[in-house]
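To start, the structure itself, in structure tokens.
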């Protein structure tokens with residue numbers, strides 16, 4: 001990787017938005033055949049830098065060189081022509097069209113104006129074969145898993161222009177085996193000499209796949225490092241700009257309060273509760289002040305279980321007791337009135353209302369339970385909202401800003417605020433830390449611990465075992481839509497122990 | 001410059017321009033005759049009442065991400081019900097009986113709205129299809145009610161709601177004002193507006209936030225039906241008959257246009273009552289002006305279309321940027 005072979009060089013990039021300097025003198029470089037991770041918290045400037053590269057934003061200073069020549073990228077099309085392709089977090093393809101159509105949409109091979117379907121399918125198969133993917137290219141895209149869809153998007157991107165490939169959070173909705181599959185593809189492309197810019201919040205993945213990383217913080221360049229020379233802890237410190245003391249102090253908290261919890265009254269008891277096709281009948285007891293973690297792979301029934309406890313879906317067997325009394329949660333509002341809160345894993349589609357302001361999003365659940373005839377007085381709204389913006393450090397601290405303009409971590413905090421103001425006795429949070437940065441993650445974990453210390457029961461659903469282990473008093477392990485084991489989170493329980501259960505399904 | 005950026009600036013400017021044109025071309029803009037206000041301005045305000053009412057209901061429906069195509073047919077039904085019952089009265093000038101009949105006609109319209117709401121919110125049919133059913137069937141129902149005839153009525157009290165005056169102002173105009181005030185209070189003084197916008201923004205997220213989306217969705221169709229019924233009464237009282245064929249014909253398109261001009265997006269979410277009212281009055285003023293300035297009748301629809309296209313373009317930020325951007329130094333900044 002000699003200096004002369006640089007494929008992309010950005011120097012002194014500056015981008016200013018009204019009132020904010022989003023990028024201030026940032027350098028970034030890419031060599032062919034390397035995976036370069038762009039690191040930073042939400043709001044550090046990662047997205048802005050990518051948007052500069054893809055021509056969504058024009059820069060206010062600095063220069064971009066592609067293959068040694070200065071280029072001005074004025075739009076996504078120009079970026080593509082210059083050899084820069086992007087695959088985003090959410091697959092931006094037409095899932096109702098076939099795989100081949102998706103790869104060639106807008107540039108179908110034609111003869112006399114007619115599309116040559118046979119040729120198109122053949123070329124699509126060849127392209128995917130290069131990524132070690134052997135699938136029926138005439139089947140609609142939505143018949144395949146998200147991982148395959150992701151790879152189809154990559155195949156398309158690589159075929160259009162193969163010099164620089166930007167992967168923006170490609171793994172956030174994939175499970176472990178799918179991630180492995182994706183990484184195999186990335187390594188193959190790397191071997192072909194493609195320069196890959198990789199963004200992910202999963203540090204383990206960064207360390208697994210990247211050669212080099214550039215860290216940004218608050219729009220400024222912190223530095224460029226070789227991945228193998230920078231330990232994870234140091235990386236995190238560089239990203240958040242402070243020591244990780246907050247996180248470490250959490251470690252033994254779970255142990256500390258377990259005795260107290262066992263004596264508390266159960267808040268919720270599920271007896272043989274189940275829903276056909278979603279989750280097999282299960283038994284579960286949650287006490288006041290207890291954090292119960294749900295562990296399991298994607299699609300193991302974690303979310304399905306959580307939704308039953310909130311009345312988001314109706315059970316078709318078993319019964320549910322709240323504080324000893326049998327209840328029928330007909331819809332979410334009934335559950336809410338009984339002191340249950342539920343924050344969905346799909347932040348953008350089932351959580352926030354993007355168009356509404358931070359204030360409106362925060363008061364929404366409370367207002368819904370009061371009914372439309374009893375509006376919360378504006379002064380009280382402002383009071384509550386201001387308090388929670390401060391307590392959860394929601395940024396920017398502007399209650400009237402549309403919530404869709406906030407970063408993922410801050411949106412998650414808005415959702416937490418929405419539920420905390422309803423003062424629930426049981427808080428169900430599904431993947432609250434997915435796709436958000438390390439700093440915000442630590443804050444949310446700390447908050448969960450504090451809430452449970454204060455007597456709130458929490459059902460914590462997460463794909464990250466470390467997180468479940470750190471916070472939970474009790475861990476419920478799910479596999480194939482079945483609750484297979486309940487583990488007291490004692491000191492001998494670790495990620496390996498849980499992985500074993502997930503892998504074997506044994507109820508030892 | 002901020003006033004130019006307000007999305008209602010251009011519609012308002014065009015409305016003012018239309019009114020100015022009217023003031024010069026018509027012999028009377030506003031005058032006092034027999035203690036009432038008269039003139040083309042008053043005609044516009046009075047004539048826009050049915051559209052304002054229908055567009056109000058439409059605004060709420062569109063805010064939830066739906067659409068109501070059946071409003072014209074509901075107008076026909078309510079006019080038909082009212083005229084049939086009035087024509088059966090021994091004394092058509094009995095105020096009490098006419099009031100009762102108005103209540104009945106509106107109740108029927110609310111029922112029609114409930115049908116729409118049930119199809120959308122409970123059965124889960126797409127709004128455009130669900131309301132298309134009543135749009136087509138509704139006129140049939142209205143014709144069945146009137147037995148295929150045009151029913152004429154000679155009722156003073158009934159005619160009053162369209163052509164009468166109260167405190168020097170047209171009754172129809174006052175009805176529309178009352179409806180606007182009612183809906184504004186209902187949506188902005190209670191939490192209804194917020195819940196509506198939330199359901200329109202994301203029905204799934206709203207349900208999980210504990211909002212009973214179905215109830216709210218059903219309700220907006222009921223309200224839309226009720227306002228359409230009221231508009232139908234004003235329409236039929238104006239011509240003193242029930243005309244099932246032309247009552248409210250194509251008004252759903254004008255109403256949708258009024259909502260869009262007013263800045264409410266068709267995909268649902270944020271809505272603006274003031275914008276809708278402005279849009280409705282603008283459309284009515286346009287119709288009146290086209291006639292007043294002497295555009296030949298066969299060209300009026302085309303002329304109207306040109307103005308509407310110009311208006312919609314003027315509201316598009318991207319278009320303004322393209323056309324005027326090079327003349328001004330101010331740049332619109334994208335916000336991350």
Please give the number of the condition residue B:200 fails out of (1) modelled with pLDDT of 90 or more; (2) more than 25 Å from residue A:338 (Cβ to Cβ); (3) more than 9 Å from chain A (Cβ to nearest Cβ). (3)
Can you confirm whether residue A:329 is within 14 Å of chain B (Cβ to nearest Cβ), over 27 Å from the mean Cα position of the chain (by Cα), touching a residue at least 12 places away in the same chain (Cβ under 8 Å) and surrounded by 20 or more Cβ atoms within 10 Å (Cβ to Cβ)? yes
Does residue B:180 satisfy being within 14 Å of chain A (Cβ to nearest Cβ), in contact with a helix residue (DSSP H, G or I) (Cβ under 7 Å, 6 or more places away or on another chain), over 20 Å from residue A:369 (Cβ atoms) and outside any loop (DSSP other than H, G, I, E, B)? no
Six or more apart or on different chains, Cβ atoms under 6 Å: show the pairs whose first residue is in the stretch B:36-60 and within 19 Å of residue B:236 (Cβ to Cβ) and whose second is not in a helix (DSSP H, G or I). B:46/B:170
Complete set of residues in the stretch A:336-349 that are within 8 Å of chain B (Cβ to nearest Cβ) and touching a strand residue (DSSP E or B) at 6+ places or on another chain (Cβ under 8 Å): A:342, A:344
Any hit, the stretch B:142-163, residues being crowded, with 19+ Cβ neighbours inside 10 Å, touching a helix residue (DSSP H, G or I) at 6+ places or on another chain (Cβ under 6 Å) and within 14 Å of chain A (Cβ to nearest Cβ): no
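If you take the residues in the stretch A:90-124 that are assigned to a strand (DSSP E or B) and touching a helix residue (DSSP H, G or I) at 6+ places or on another chain (Cβ under 9 Å), which one is modelled with the highest pLDDT?
First, pick out the residues of the stretch A:90-124 that are assigned to a strand (DSSP E or B): A:98, A:110-111, A:114-115.
Checking which are touching a helix residue (DSSP H, G or I) at 6+ places or on another chain (Cβ under 9 Å) leaves us with A:98, A:111, A:115.
Numbers: A:98: 91, A:111: 85, A:115: 86.
Going through the qualifying residues, I end up with A:98.
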With the checklist (1) assigned to a loop (DSSP other than H, G, I, E, B); (2) surrounded by fewer than 23 Cβ atoms within 10 Å (Cβ to Cβ); (3) under 19 Å from the mean Cα position of the chain (by Cα) in hand, flag the one item residue B:106 doesn't pass. (1)
Does any residue of the stretch A:359-369 turn out to be modelled with pLDDT under 90, over 14 Å from residue B:207 (Cα atoms) and within 10 Å of another protein chain (Cβ to nearest Cβ)? no
Checked against (1) within 14 Å of chain B (Cβ to nearest Cβ); (2) in contact (Cβ under 8 Å) with a residue 24 or more places away in the chain; (3) on the phi > 0 side of the Ramachandran plot, residue A:418 satisfies every condition except (3)
For residue A:70, all conditions in the list (1) modelled with pLDDT of 85 or more; (2) under 33 Å from the mean Cα position of the chain (by Cα); (3) within 22 Å of residue A:51 (Cα to Cα) hold save one; what is the number of the exception? (2)
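Within 24 Å of the chain's Cα centre (by Cα), within 12 Å of chain B (Cβ to nearest Cβ), at pLDDT below 90 and closer than 20 Å to residue A:451 by Cβ, is that true of residue A:404?
Details: within 24 Å of the chain's Cα centre (by Cα): yes; within 12 Å of chain B (Cβ to nearest Cβ): yes; at pLDDT below 90: yes; closer than 20 Å to residue A:451 by Cβ: no.
So residue A:404 fails the test.
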Report those strands (runs of 3 or more DSSP E) wholly inside the stretch A:208-308 carrying at least 3 residues which are in the same structural domain as residue A:464 (by TED's automatic domain parsing) and at pLDDT 90 or above. A:266-275, A:279-287, A:291-295
Inspect all residues belonging to the stretch A:21-34 and state whether any of them is within 12 Å of chain B (Cβ to nearest Cβ) and surrounded by 20 or more Cβ atoms within 10 Å (Cβ to Cβ). yes
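Identify all residues within the stretch A:304-319 that are more than 10 Å from every other protein chain (Cβ to nearest Cβ) and surrounded by 21 or more Cβ atoms within 10 Å (Cβ to Cβ); write none if there are none. Working first, answer last.
Narrowing the stretch A:304-319 to residues more than 10 Å from every other protein chain (Cβ to nearest Cβ): A:304-306, A:308-309, A:313-319.
Matches in the stretch A:304-319: A:305, A:306, A:308, A:309, A:315.
The values are calculated or read from the model by the stated rules, or taken from the named source; none is laboratory data. Computed from a predicted model, the values in this text were never measured in an experiment. We place every Cβ from the backbone using ideal geometry, glycine too, and count neighbours over all the protein chains shown.
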